[in-house]
Amino acid sequence: MAIIEFPKDMKWGAATASYQIEGAAFEDGREASIWDTFCRIPGKVRDGDNGDIACDSYHRYEEDIKIMKELGIDTYRFSVAWPRIFPKGRGQVNQAGVDFYHRFVDALLENGIEPMCTLYHWDLPQALQDEGGWGNRSTIDAFVEYSEFMFKEFSGKIKNWITLNEPWCVSFLSNFIGEHAPGFKDLQLATDVSHHLLVAHGRSVKAFRALGVDGQIGYAPNVTWKEPFSDKQEDIDACKREVAWFVEWFMDPVFKGSYPQFMVDWFADKGVKMNIQDGDLEDISQPIDFMGINYYTGNVARYKEDNGLFSSEDLDMNYDRTDIGWPIYPEGFYKVLCYITELYGEVPIYITENGSCYNDEPVDGRVKDDRRISYLKLHLAALKRSMDSGVNIKGYLTWSLLDNFEWAFGYSMRFGIVHVNYRTLERTPKDSYYWYKQTLANGFYEL
Ligand code: JSK
């Protein structure tokens, strides 16, 4: 037994994203995003689920905010649906969509909850995809137009901004692995998308500075950790590539103004060419105020000739897995945070997502999700250990406030600390919700 205690000024919160919770998919002038389209392609999303209704938070946000207030969080991370603001991606603003986010943000502020706004959490307007989406540099300009509009409109209300959520998922998972919208399997396209996303991020940060917005801005890459199975150089190198796909690929350009050469070479060997224009890396490497880090899982891995993109394989170490099948690996959380700090210095970090999938259902009105509590305890202990090692953690936001639409898994995978009944839309706080509430109130917990 040990007491894990956090600094008094640490920020605590919970996170969600527009397409995963809002519903009201075609209300008040919102038009299609790439996820509306993708969900309608047979076989792409489990059980043919889609975000048409989701948690109906578009209509039930007052109830959701009551739940947050009762939980005692400082910060709520949500995302804005770009196609509610610009239904065609650029040009004509949809005032009804803008009004919704004003009502919502005002309600958060009235309840003493600090909004943290993600501008891009995967719901690209379909109209932009029709012109090539993130594969086309014109989407960069559309994103800057959208983000500038949001900065001006919500300046003074929203002080915490995140340009992009999980650029690895937006590029490689969506355009190379093909599991997420738009669902392509093209490594060149995915690499181009990764670069265009970073340029869009950098130019959005530039616009934020030029407008003199009062607040802080960052982005939220998802990371993992691969621990070498042995001290053989080939195992170490394989793990280094796997980690760099998430870390150095998306952070070196921002913090150092260059791509990691060993990865550029590796991709070149796969026939990938870097399509970088003059000024791109200067735009990308704008100073940011904080970095959001999303961490769920990691593993032990080793070299395996010609296996996958990086000649590596994950090992089955018999670690416990969450219900989505991801190994529980809190040590990787500690290691990757230390690694990031070693590479880029003591950049302020918010954990913008960390949490687990367990599909426990209510029994007599109670959800006994002690496995989620255990996951949280282990990861918060690793987080605390990283802070003791010099990682500059400012806050921790759990994924997710609510069970919600888990992308290609549809509604079958539940990450919430609050259960949602998708038939009645009833919310039931789980045991983990009460554990989190107590931990926030105390500033410590017993491991
Ligand atoms: C959860 C990562 C944002 C928020 C949450 C999914 C994810 C993922 C999901 C990787 C992945 C699949 C599948 C196969 C092989 C790669 C959401 N986060 N979430 N975060 N990350 N092989 N590699 N070595 O819902 O909206 O990969 O990948």
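The values are calculated or read from the model by the stated rules, or taken from the named source; none is laboratory data. Fair warning: this is a prediction, and the values are worked out from it, not measured in the lab. Because the Cβ atoms are built from the backbone with ideal geometry, glycine has one as well, and the counts that use them run over all protein chains shown. These accessible areas exclude ligands, DNA and RNA; they are computed on the full protein's heavy atoms, side chains included. Shrake-Rupley method; radii C 1.70, N 1.55, O 1.52, S 1.80 Å.
Kindly rank 330-341, 382-393, 89-100, 399-410 from highest to lowest mean number of other beta carbons found within 10 Å of each residue.
So the order, starting with the most tightly packed, is 399-410, 330-341, 382-393, 89-100.
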Estimated distance in nm for a label pair at residue 93 and residue 364, the labels positioned 7 Å out from Cα along Cα-to-Cβ: 5.4 nm
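For region 151-293, which semi-axes, largest first and in whole Å, follow from the square roots of 5 times the eigenvalues of its Cα gyration tensor?
Values: eigenvalues 166, 56, 45 Å².
Listed largest to smallest, the semi-axes of region 151-293 are 29, 17, 15 Å.
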For region 221-268, size of Cβ-based charge dipole, Lys and Arg +1, Asp and Glu -1, in debye: 160 debye
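Over the Cα atoms of the chain, compute the convex hull volume and normalise it per residue, giving Å³. If you can, show how the numbers build up before the last one.
Numbers: hull volume 62.4 nm³, N = 447.
In the chain, the Cα convex hull volume per residue is 140 Å³.
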Between the residues 444, 48, 391, the Cα farthest towards the positive end of the dipole of the chain, that dipole coming from +1 and -1 charges on the beta-carbon of Lys, Arg, Asp and Glu, is from 444
List the residues of region 254-272 whose backbone N lies under 11 Å from a point placed 7 Å from the Cα of residue 188 along the Cα-to-Cβ direction. 271-272
Residue (of 222, 191, 98) at the positive-pole extreme of region 3-446, dipole from beta-carbon charges: 98
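With runs of 4+ DSSP H residues as the only contributors, calculate the mean residue ellipticity of the chain at 222 nm using -39,500 (n - 2.57) per run, divided by the residue total and rounded to the nearest 500. Please list the in-between numbers first.
Numbers: 15 runs with 173 residues, N = 447.
So the calculated ellipticity at 222 nm is -12000 deg cm²/dmol.
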Rg/Rh for region 305-362: what does it come to with C-alpha atoms and Rh from Kirkwood? 1.07
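Once R0 is set to 51 Å, what does the formula 1/(1 + (r/R0)^6) return for the Cβ-Cβ distance between residue 111 and residue 307, expressed as a FRET efficiency to the nearest 0.05? Don't skip to the answer; put the middle values down first.
Values: r = 50 Å, r/R0 = 0.99.
Efficiency at R0 = 51 Å is approximately 0.50.
Place a +1 charge on the Cβ of each Lys and Arg in region 3-446 and a -1 charge on the Cβ of each Asp and Glu, then give the dipole magnitude about the Cα centre in debye, rounded to the nearest 20.
Approximately 520 debye in magnitude.
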Cα→Cβ-extended label distance, 7 Å offset, between residue 269 and residue 130, nm: 4.3 nm
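Restricting to Cα pairs below 8 Å that are 6+ residues apart, what does the relative contact order work out to for region 288-396? Please round to a whole percent. Don't jump to the answer; show the numbers that get you there.
On the way: 146 pairs, mean separation 34.7, N = 109.
After rounding, I find 32 percent.
Apply the a/c threshold of 1.5 to the C-alpha gyration tensor of region 113-184 and tell me whether it is rounded, prolate or oblate. Present the calculation step by step, with values, prior to reporting the outcome.
Working: a/c = 3.10, a/b = 1.67, b/c = 1.85.
It comes out oblate by the Cα gyration axes.
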Calculate what fraction, in whole %, of the accessible area of the chain sits on carbon and sulfur atoms when a 1.4 Å probe is rolled over the protein chains. 47 percent
Suppose all protein chains stay in the model; what accessible area per residue would a 1.4 Å probe give for the chain, in Å²? 37 Å²
Answer with one residue from 108, 20, 376: the one whose Cα lies farthest towards the positive end of the charge dipole of region 3-446, charges on Cβ with Lys, Arg +1 and Asp, Glu -1. 108
Ranked by how many other beta carbons lie within 10 Å on average, peptides 194-201, 22-29 from highest: 194-201, 22-29
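Which whole-number percentage describes the relative contact order of region 122-265, with Cα contacts under 8 Å and a sequence gap of 6 or more? Spell out each step's value before the answer.
On the way: 174 pairs, mean separation 34.5, N = 144.
Dividing the mean separation by the residue count of region 122-265 yields 24 percent.
Hey, got the dipole for region 198-307? About the Cα centre, +1 on K and R Cβ, -1 on D and E Cβ, debye to the nearest 20? If you can, show how the numbers build up before the last one.
On the way: 12 positive and 18 negative charges, 47 e Å.
It comes to approximately 220 debye.
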In whole percent, what relative contact order does the chain give with Cα contacts below 8 Å and a gap of six or more residues? 18 percent
Extending each Cα 7 Å along its Cβ direction at residue 59 and residue 392, get the distance between those two points in nm, one decimal. 4.6 nm
